[in-house]
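Below is one structure; the comments refer to it alone.
The values are calculated or read from the model by the stated rules, or taken from the named source; none is laboratory data. Treat the numbers as computed from the prediction; the structure is a model and nothing was measured. Virtual Cβ from ideal backbone geometry, glycine too; neighbours counted across all protein chains shown.
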Amino acid sequence: MIYDRRGPTSILNHSRLLSSGGVIFGIHTSIDVAKERLLANGFKDIAIEAFNEAITYFPNELEFAKFLSDVPGNPDYTLPELKNELDIKIREHRIGGRLGIKEHKFIWKAVKP
């Protein structure tokens, strides 16, 4: 069994770590990206199921800024000079008075041949 909190890029290492016949499960926000990475790394019997919308809530604005900054292509929202842009993002992502991001998630399963 592999437990890895690295996110979708971790699929790249799993084929090296998992034994033949091993089963891997994961959660991703894109069916296409997950399937592409699993196929490219030799996994078979790929099954992907919609999990519906998931909301990730953040305990504070700094953690929210760090999350946004980690998304490829986004600027570093923790920088003081981006405070105004971060404030706009914060206003846009209030859900029931809390700071969160809605994402559609997919659960996937695959087997290493």
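Computed quantities for the displayed model
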quantity: Selection within region 34-59 - in contact with a helix residue (DSSP H, G or I) (Cβ under 6 Å, 6 or more places away or on another chain) and either closer than 26 Å to HIS93 by Cα or loosely packed, with under 14 Cβ neighbours inside 10 Å (or both); calculated: GLY42, PHE58
quantity: Looking only at region 35-72, and only at residues there that are among the β-branched types (Val, Ile, Thr) and touching a Phe, Trp or Tyr at 6+ places or on another chain (Cβ under 7 Å), the one that is farthest from ALA110 (Cα to Cα); calculated: ILE48
quantity: Selection count, region 83-110, where residues are in contact with a Ser or Thr (Cβ under 9 Å, 6 or more places away or on another chain) and of a type outside the set (Lys, Arg); calculated: 6
quantity: Meets criteria (surrounded by fewer than 16 Cβ atoms within 10 Å (Cβ to Cβ), at pLDDT below 95 and farther than 19 Å from VAL33 by Cα) for PRO113; calculated: yes
quantity: Condition check for LYS109: of a type outside the set (Phe, Trp, Tyr) and in contact with a strand residue (DSSP E or B) (Cβ under 8 Å, 6 or more places away or on another chain); calculated: yes
quantity: Subset of region 67-89 that is modelled with pLDDT under 95 and over 17 Å from TYR57 (Cα atoms) - its residue that is surrounded by the most Cβ atoms within 10 Å (Cβ to Cβ); calculated: ASN74
